[in-house]
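Scroll down for the structure; my scribbles are underneath it.
Where a number appears in this text, it was derived from the coordinates with a stated rule and is not lab data. From a predicted model like this one, the values you see are computed outputs, not experimental measurements. All Cβ positions, glycine included, derive from the backbone under ideal geometry; neighbour counts span all protein chains shown.
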Amino acid sequence: MKRIVKKEKVEESKVTEGEVEVKNETISQEVAQPQTSEQEDNLVVAEGAETAVAAKGDEVPVEQEVLADENNAKPNKWYTKLFKRANKNDKEKKATKEKQPQNTKERILSIDRFRGLCMFAMVCSFVFGIFSAFGFFAPVIDHAPDGFQVLPGVSFADLFAAMFIFVIGLTMVKSFKSREAKFGTRKAYFQLATRFLALIGVGILFNGFENGWAELFIGESTWADFSIKIKIFGVMFWIAVALLIVYVISVFVKNPKFKKVSEMMLRYFLAIAGVMALYFILVSTGEKITPPVDGERFGGWEWDTLQNIGLAGLLALPFVKFDKWGRLTMVGIIFTVMTVLMQNGLFPLANSILEGGIFGGFSWACILLLGSVFADLKDHKLYWVLTSLLLLISVVLIVGFDFIAAKRGCTPVYAMFCASVSAMIWGGLNFLNNWKPKFDFFAVWGSNAILTYILTIFFVGMILGGVFSSSLSSVNIGVAIVIALVILALFTVMNWLLKRKNIYIRI
C-alpha cells in the first residue's frame, strides 16, 4: 500500500523545568500541541528539522538513531542536566571572584619583613643595653653622638625609629582607602585620627609609669614630689592596664560584641590620653619659647617614640587623599620651610625635646608621607630614581654644606636621609616577595609590631633594665648570651603563635 507522507515543521517553545518525559516511539498527526525544546531533545530532532507524519493518520516511526548521528545530538539524561547546572554555578562563582578587588587583604611580605627587621633591631638594642658584658655592641646600639656615625650627627641606631615610621607610611593610604570604602570619608578620617591619638596616649601613659610609679617604687621620690601631669598619667596608666586585660580576654572569648566594645573602650581611653598629652606638650613648648614669670606650669618634657609616631600620623592625615605627586609636593614644601627654620635658630629648641616635640613632628610626618609615596611607586621605574635623588641631596647637604642632621629634634635632612635608606631597603625586600619559606623569621616578627614594642618597653626596658638592672649588668658574657637568647626566643614564639592563629593586635 502506497503511503503519502506529509511534512510539517515543529514549532519551538520555551523549556520549562519539571517537564515530563515525552514518548519517543511514534508521532501522531492528530496531536496538534507544539513540542518544547526539551521534548525536541528527547526526540533527537535539531532545530529546523522536519518531522515525517503519515497523511492518512497512520503513525510513522521516527528513525532516531539516524537523526542523532546526523545532528550529533546527545540524549538529555538527568546527570547531564546536573553537570550543566554545576558547571554554571562554578562559572558564576569564578565570575564573582574575578569582580572582587584582588589582594585586598593579602599581606605584602616585604612590608612585614621590613617591619620585623626594625622590631628585631630595636629589641636587640634594648636587650644588649641591659648587660655590661655586651659593651662591645655599644657603638651599634647607642644613639648619636656616642654611636657609630653613618653621617655627621646620624648614628647607626638613629636609623631604626625613622624606618619604623616609614613602614607605617607604606600602609597608611591603603588603610585609609579601605576604611573609606567601608565607612565613608569622615569616619575613615576619624578612625585613623583616633588610632594616632591612641598611640600618643600609649606613649604618655608609659611615661607616667616610668617617671611616676617606677620612681615611687624603686626610687626615693614620693607622691607629693610628682607634677600634676605625672600624677594624672600615673593614675590613667592603671586604668589602661585594666582595659587592656579586658581586651585581651575578649580576643580569646568567641563573642564579637564583647570584643568590639572592649576594643573601643581601650582605644577611646587611650585617645583621650593622647589629647591630654598634646595639650601638655603645647603648653610646655609655649613656656619654653616665652618662659612664665612664676615658673613652668606642668614641668618637663614627656615625649618619646610612640608620641612621635602618633603626631606624625596626625600631621600627615590631611594629605592622605592627595595623589602621590601631591604628597611629594607637600613633603618638599615642609622640608624647605623646616630646614630654613632649623638652620636659623629653631634647632636648639627642638633639640631640647627628646624627639623634637611638635617641631620634630613635621619631619617625622614627612618620613611617613614619603613612605606612602614609595608605596605607590613600588612597581614604577621612578622608584629608584627618587630614592637615589633623595639620598644624594641629603648627603650633599649634610657633608658638603654642614646642614644640621640629628634624630633628637628630627631635622629635615636627617628625615630625608633616613627615608631614602628605608626606601632602598624596602625596594630590595620587594625582590624577595615570591620567596616564601616555611618559617619567615622577620615576617613573624613584623606581624604584631605594636604589641612587641609595648612589651619591650615595659618588660625589657622598665622591668629588666630598671628594677633588675644592677643584678643583670654584672653577669658574665655567657649568662648574658643565654638570657638574651631566651628573651628573643620568647618574643619569636609569641609572634609566631599569634600569626599562626591570625591574631593581630592593633590600636
Cα gyration tensor, segment 142-435 - rounded (a/c under 1.5), prolate or oblate: oblate
Using R₀ = 35 Å, calculate the FRET efficiency as 1/(1 + (r/R₀)^6) where r is the Cβ-Cβ separation of residue 329 and residue 458; round to 0.05. 0.30
Any idea how many Lys pairs in segment 164-286 come in under 24 angstrom at the alpha carbon, given 8 or more places apart or on separate chains? 12
Residue list for segment 255-285, given a label point 7 angstrom along the Cα-to-Cβ vector of residue 503 and an amide N cut-off under 14 Å: 255, 259
Taking 140, 154, 275 and counting other beta carbon atoms within 10 angstrom, the fewest-first order is 275, 140, 154
Expected output is a single nm value to one decimal: the length gained when fully extending between residue 217 and residue 137, i.e. 0.36 nm times separation in residues minus the C-alpha distance. What is it? 25.7 nm
Once Lys and Arg get +1 and Asp and Glu get -1 on their Cβ, which of 405, 453, 362 lies farthest toward the positive end of the dipole of segment 359-507? 453
Could you give the distance between the Cα centres of segment 201-216 and segment 431-507, to the whole Å? 22 Å
Which distance in nm do the two modelled labels at residue 434 and residue 253 give, with both placed 7 Å along the Cα-to-Cβ direction? 4.8 nm
Just add up the charged neighbours of residue 406: K/R +1, D/E -1, any other residue whose Cβ is under 15 Å from the Cβ of residue 406. -3
Loop only by DSSP, 11 or fewer other Cβ within 10 Å of the Cβ. Give me the trypsin sites (Lys or Arg not before Pro) in segment 169-264 that pass, ordered by residue number. 254
So which trypsin sites (Lys or Arg not before Pro) in segment 372-481 are both in a DSSP loop and have at most 15 other Cβ atoms within 10 Å of their Cβ? 378, 381, 438
